[in-house]
Amino acid sequence: MDLLIYLLSALHTAQAILTLYTLQFSYLSILKLLGGDTARKAAKYSNKAALQVFHARGTQTAGLAALITSALLSLLLGPAFTTQGKASVKVGEEAGKGGGKGSGGLSGEIKTVLNLAEFVVVQGAAWYIEYFWKSRAKIPSSRAGEYNDAITTTNSMRINLEYLAVLWAVSGGVELYKWQILEGNFLNQ
């Protein structure tokens, strides 16, 4: 059981680090898209261009929201709150019981759901970004430099979101195994 706790701590630490690293790409992409006057000017004269600008910003918002929830959950479920109850905040029925639960006294069921829900959020954001940006070609013009840079950094963000989704799926699977098999909850619902 201790090995699984250490594995989950390592996974959540990796999630936090990858999330912070990917936030840099999100930040750069947003700056590049906001700085592009060409797209903004085109949006004034074309409904299609305005819709493209709207969706481009939507993809950045989806990626940023997924990264913020990933950062918060990796910190909540990570090593800071899994110190065998010493530094954790107890919630609900677990509040009166001593040690061992970690993660704020959250039940294995809740931790499993949080991990797998974050997998869905992160993978969904990655798919949405890929769906919109995969058909966008770089524009061979010196005026489109920031737009082209935004395509590059957004693609890097999407790839890292996919890696992050894998980490959330693995931590969700480990948490499910720990909760169902090792804690004796298998089919006891």
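Of all residues in region 10-30, those satisfying the criterion of being surrounded by fewer than 19 Cβ atoms within 10 Å (Cβ to Cβ) and not hydrophobic (A, V, I, L, M, F, W, C) are T13, Y21, Q24, Y27.
On inspection, K97 qualifies as modelled with pLDDT under 90 and touching a helix residue (DSSP H, G or I) at 6+ places or on another chain (Cβ under 9 Å).
For A56, the test of being over 18 Å from V174 (Cα atoms), crowded, with 16+ Cβ neighbours inside 10 Å, at pLDDT below 90 and over 23 Å from the mean Cα position of the chain (by Cα) is failed. Can you name the residue in region 128-147 that is loosely packed, with under 15 Cβ neighbours inside 10 Å and closer than 30 Å to W168 by Cα and is also modelled with the highest pLDDT among such residues? So, considering only residues that are loosely packed, with under 15 Cβ neighbours inside 10 Å and closer than 30 Å to W168 by Cα, the one modelled with the highest pLDDT is Y131. Residue pairs whose Cβ atoms lie under 9 Å apart, sitting 6 or more positions apart in sequence or on different chains, and linking a residue in region 2-20 that is farther than 13 Å from L72 by Cα to a partner that is among the hydrophobic types (A, V, I, L, M, F, W, C) and surrounded by fewer than 17 Cβ atoms within 10 Å (Cβ to Cβ), are L4/L182.
Within region 91-119, residues that are surrounded by fewer than 16 Cβ atoms within 10 Å (Cβ to Cβ) reach partners that are modelled with pLDDT under 50 and of a type in the set (G, A, S) with beta carbons closer than 8 Å, at six or more positions or on different chains, in the pairs G98/G85; G99/G85; G100/G85.
The values are calculated or read from the model by the stated rules, or taken from the named source; none is laboratory data. For clarity, every value in this text was computed on a predicted model and none was experimentally measured. Glycine gets a Cβ as well: all are built from the backbone with ideal geometry, and neighbour counts include every protein chain shown.
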